[in-house]
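A short worksheet on the structure shown next.
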Amino acid sequence: MIKYLALTIISGIATYLLRDTVSSLGYSAYKDTLGALLNISSIIFAIIGAWIAIIYPRAIGRAFKGKNVSDQVLKDADTDADYLSELVEIVMVSAIVLMIVLSIQFAVPIAKGLIVGNWVCYSKYTAFFVVSLLTLSQLYAVFRVILANYFFLNDLRKKNVDGKVDTLHQ
């Protein structure tokens, strides 16, 4: 949770430092970014969601098959649970980004007619803050996907090597 608080603070600082530039931006300046966020979030949501659906049943089955569960099976289940919690967090971030982007795209045309006076400037600051926070959060999620795949591949290679060594000792 601290990492998302840090991203929020970074977005707030960026909004403050760029306040003069932000006040001149309109919705059209964010349209491409929102479209990219929508696409990237959708892709990550779908791929990681499918990945969880494929891996999760095996993790449960491996942990709870039979009455006698070995220490190694429990250790593997704990490792899978940690790994799956990372993946679920990534899916949740992507889902939240999707929901907020869709809400923004729906609400902005309505808000344009309702927001007047000084509220226009505050709305622009809020829009920049939200879009920058969503962008940073999605970039972080993409980075986590890359790291998760890297560590997954390392674990898989280690297990393969350990399996080959065990086979040689028998």
> If you take the residues of the range 111-122 that are assigned to a helix (DSSP H, G or I) and either small (Gly, Ala, Ser) or without any contact (Cβ under 8 Å) to a residue 12 or more places away in the chain (or both), which of them is nearest to residue 41 (Cα to Cα)?
Replying inline: 111
> Mind checking whether some residue in the range 135-157 is among the basic types (Lys, Arg), within 26 Å of the chain's Cα centre (by Cα) and under 27 Å from residue 4 (Cα atoms)?
Replying inline: yes
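To keep it simple, each residue is scored yes or no on (1) modelled with pLDDT of 85 or more; (2) in a helix (DSSP H, G or I); (3) open to solvent by less than 60 Å² (accessible area, probe 1.4 Å).
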| position | (1), (2), (3) |
| --- | --- |
| 15 | yes, yes, yes |
| 20 | yes, yes, no |
| 40 | yes, yes, no |
| 54 | no, yes, no |
| 60 | no, yes, no |
| 80 | no, yes, yes |
| 92 | yes, yes, no |
| 99 | yes, yes, no |
| 109 | yes, yes, no |
>> Which pairs turn up if I take residues in the range 87-99 that are closer than 12 Å to residue 49 by Cα and look for partners that are modelled with pLDDT under 95 and among the basic types (Lys, Arg) with beta carbon separation below 7 Å, at least 6 apart in sequence or on another chain?
In response: 90/144
> Applying the selection to the range 111-127, what residues are hydroxyl-bearing (Ser, Thr, Tyr) and loosely packed, with under 11 Cβ neighbours inside 10 Å?
Replying inline: none
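The values are calculated or read from the model by the stated rules, or taken from the named source; none is laboratory data. This is a predicted model, so every value here is computed, not measured. Cβ coordinates were reconstructed from backbone atoms using ideal geometry, including for glycine residues, and neighbour counts include every protein chain displayed. Side chains are part of the model used for accessible areas, which takes the heavy atoms of the whole protein and leaves out ligands, DNA and RNA. Shrake-Rupley method; radii C 1.70, N 1.55, O 1.52, S 1.80 Å.
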